[in-house]
1. For Leu303, Leu14, Leu185, what ranking results if the residue with the fewest other Cβ atoms within 10 Å of its Cβ goes first?
2. Of the candidates Glu217, Glu287, Glu38, which one comes out as most mobile in a Gaussian network treatment of the chain with C-alpha springs shorter than 10 Å?
3. Taking the chain as a Gaussian network, where each spring joins two C-alpha atoms under 10 Å apart, which residue of Pro293, Pro251, Pro98 fluctuates the most?
4. Show me, for the stretch 192-204, the HN-Hα J-couplings you get by feeding each phi into the Karplus relation (A = 6.51, B = -1.76, C = 1.60, θ = phi - 60°), rounded to Hz, glycine and proline as x.
5. Exceeding 26 Å between C-alpha atoms, which entries from my cross-link table qualify? They are Lys94/Lys412; Lys93/Lys291; Lys291/Lys412.
6. Viscosity 1.306 mPa s, temperature 10 °C: what is the translational diffusion coefficient of the stretch 294-356 from Stokes-Einstein with a Kirkwood Rh over Cα pairs, rounded to a whole number of µm²/s?
7. How long is the stretch 86-188 along each principal axis, judged by its Cα atoms, biggest number first, in Å?
8. Is any residue of the stretch 75-114 close enough, with backbone N under 16 Å, to a label point placed 7 angstrom from the Cα of Ala177 along the Cα-Cβ axis, and if so, which?
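Any read-out appearing in this document is the output of simple, stated calculations on the displayed coordinates, not a laboratory observation. Keep in mind it's a predicted model, so treat the numbers as computed, not measured. We place every Cβ from the backbone using ideal geometry, glycine too, and count neighbours over all the protein chains shown.
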Amino acid sequence: MYRVWTFLADYSLLLIFGAVTALVWVNADYDSYHHFVEFRIWDHAPIGHLHDGHRTLTLHYLVNDVLMALFFAIAAKEVWEAVILKEGSLRGKKAATPLFATAGGMFGPIAVYLGLASIMGSETYNAVANGWAIPTATDIAFSYLVGRIVFGAGHPAVRFLLLLAIADDAAGLIILAIFYPSGELAPEWLLLSFGASLAVFILFNWLPRYMDRGRPERPHSTRVRMALGGLPYVIGGCISWYGFMQSGLHPALGLLPIIPAIPHADRAFGIFSEAERSLGDLLNVLEHALKHPVEIVLFLFGLCNAGVQFQSIGPATWLVLAGLFVGKPVGILLFGWIAARPLNLGIPKGMRIVDLVTIGFVAAIGFTVSLFVASVAFDAGPVQDAAKMGALFSFGAAVISVVVGRMTRVEKIAY
């Protein structure tokens, strides 16, 4: 239990604290909470919400659109390593069944959400349809924590779940970029983002390595690293973020193009592995430097986005929960079974097909990303609040996972 608590404290405690504080605050004093969240930091700012023809930087915008870019950058780093490294977890046959299960864990919730919304009538459907992506999300940290509690740290289902969650994050980033732009699209601005990424890659990554070819001591790469560290990539990231903001894509994704440009190790130990701290490549160094700032960002994210009054429960709440609690497990079980049996791709040794049901419920914890998608899918108001309540209630999947695990006789493996 000590390890579980340490893991929770390292990755999620401040986020939970921020969300609980928001819930208590908004239900005790609605006006003061919203005055705080929408506090104007800078009027006529170069970044921020458009207001009366000019941009206004509010606390909510600063957290959701600027600071959350750091959170999505860390998620993108894990996805990038899983895809690009020779032994990456999302490469080869070993990733095939988890990837199929991920697809089921996205199509299932969408089908349930939109199907039930259509049954509720056209008026309800039109009001909530844009939130179809909310129940597709899986919160990596909380799902991994619950997975370890249900299966034990050494069970192959935990690794399967982690692969599924990382792939889910990758798909979620694509969905956010394509289906939830923050304004009128101006794709030409993306040339600035990708140009900045390409420039720093060539000048500070590829060129020094090219000049060092045949020289194991790598003098040029070392000199660049010692003299500049991560500064070129920080500047490139700022430029990339600005390009995303001007392009109309959600600026929280603005650091994604810069991640592939940063020098990275030829191996990775996994998102929650202590061994990751021993890697000295710049990508891992920057990730570790961001760990504590991102914890504070997640606290602010919970504080600024989880402030929902309890009477806000509505159709969107039940649709999000139905998508997560029904669509996720059914989709993961169905697609995982198809991959493992008819397609003969198999499942990890020591894992049973029935374990996919429990994995489906664990993956139904949407929380962080579901809250984020709800905040961009709907304008502020009753529908957004109801959808956010569904994201918050997704914590209930943790209890269901424990019950389903016992019903299906999961054998916990500690190591």
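1. Values: Leu303 24, Leu14 20, Leu185 12.
Result, fewest neighbours first: Leu185, Leu14, Leu303.
2. Per the Cα network of the chain with a 10 Å cutoff, Glu217 tops the list.
3. Pro293
4. Listing the rounded values in order: 5, 4, 6, x, 4, 5, 5, 5, 5, 5, 5, 6, 10 Hz.
5. Values: Lys94/Lys412 22 Å; Lys93/Lys291 32 Å; Lys291/Lys412 30 Å.
Among Lys94/Lys412; Lys93/Lys291; Lys291/Lys412, the Cα-Cα distance tops 26 Å for Lys93/Lys291; Lys291/Lys412.
6. Working: Rh = 15.1 Å.
Using the Kirkwood radius from Cα pairs, D works out to 105 µm²/s.
7. On the principal axes, the stretch 86-188 reaches 48, 40, 23 Å in Cα extent.
8. Under cut-off, by backbone N: 75-84.
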